[in-house]
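A quick write-up on the structure given underneath.
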Amino acid sequence: MKRSRAHGRRDRGFAIALLMWMIAGMSLLVTAVIHFAQDDIGLAEQRLSEARSEAVARGAALLILRDAALAPYLAEGVAGVNRPRNKSRANESGDDERRQKVFSQRYEFDGHVVSAAIHPASGFVSIAGGSDNELRRLFVEIGGAEASQSGALVSAVNDYRMQRNPVSAAMSDFLGFRAREELLAVSGMRKSIYDRIKDYVQPYEVTGLNVSAAPSRLRSVFNEFAPDDGARGIRPAGSGQGRGSRGAAPVTDGLVTFESLNRQKAAALAANNFSAILVDVDLKSGSRAHYRIWVSGGDNTIVHLERSATKNDVEGRVRG
């Protein structure tokens, strides 16, 4: 009788211990589920914020294109045309040529603040047709490359253009650089250099850099060039194209070479004039995002959106 009672107490003890272990296991499981759920919620909130800022940036890009198209008529005081609530003006510190090329604006959407500026594609260094001098200074002054290695990088870019690079040589329909990411396929290009220069290059325009229409970071690097440097690709203030026009790809003294043919092919890729809209978005939630949005000049449609890691060079901001 006593033995059976002892066995009963021991079995109850095992049962209680097992129950406690089960409760502890369930607690750990619930804690893990809550932890992962919090991570998923945080990730979802981040994706939602990114989607919201991208949507606001796209909306601002389309809106500033509209305002830029209306600006000449509003300046002339055309009857029957309403002025937009957010007036615009170009950077007052720039010259007349720059005021014609860079149109900037500031908007507010339900508490979200957006600053935007339109730059022509020629305001960025062309990886499809930029001169050796432009590329060399870009790699050294902005990319942080050593001067001794800049020449090799320039040669590697030219090799890619002329399909002497294994990647470009394998493309049967090669038309020159089609995206900035292709720089990573260039021999000797380091990710650190690419990350520094990626927001200052473009594959859409094959003529030389128009310094007057460039963001201030590029102007600080190329501002000392004299007018005769335009022959080498760099165009000083007052010598560039305006938005809506496009020059043909240059041919060296009428001589047909592999390089001149490739530049002409690259020009065919960009039949329309392209513009880059630099957009800084400050959401009312406190998050910030920066974009470079490429727009086709033919029909003003967004063709590509690039996210910048640092604040854009949006100049001539206007208070709403």
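A few remarks follow.
- Interchain or long-range residues, amide H under 5 Å from Phe124's placed H: Asn210
- 3J(HN,Hα) from dihedral phi, the range 144-155, Karplus parametrisation 6.51/-1.76/1.60, rounded to Hz, x for glycine, proline: x, 6, 5, 4, 5, 9, 5, x, 5, 5, 4, 4
- Loop sites in the range 133-224: GluC sites (Glu not before Pro), DSSP, at most 15 other Cβ within 10 Å: Glu146, Glu224
- Around the Cα centre of the range 163-203, unit charges on the Cβ atoms of Lys, Arg, Asp and Glu (plus for the first two, minus for the last two) sum to a dipole of about 160 debye.
- Our estimate of slack between Tyr73 and Leu43, defined as 0.36 nm per intervening residue step minus the Cα-Cα distance, is 6.2 nm.
- For the range 190-196, the Karplus equation 6.51 cos²θ - 1.76 cosθ + 1.60, evaluated at θ = phi - 60°, returns couplings of 8, 4, 5, 5, 4, 4, 7 Hz by residue, with Gly and Pro reported as x.
- Fraction of alpha-carbon pairs over 17 Å apart in the range 98-180 - percent: 62 percent
Throughout, read-outs are computed from the coordinates displayed, never taken from laboratory work. A quick note: this is a predicted structure, and the numbers were derived from the prediction, not measured. When we count neighbours, we look across all protein chains shown, and the Cβ atoms used for this are built from the backbone with ideal geometry, even at glycine.
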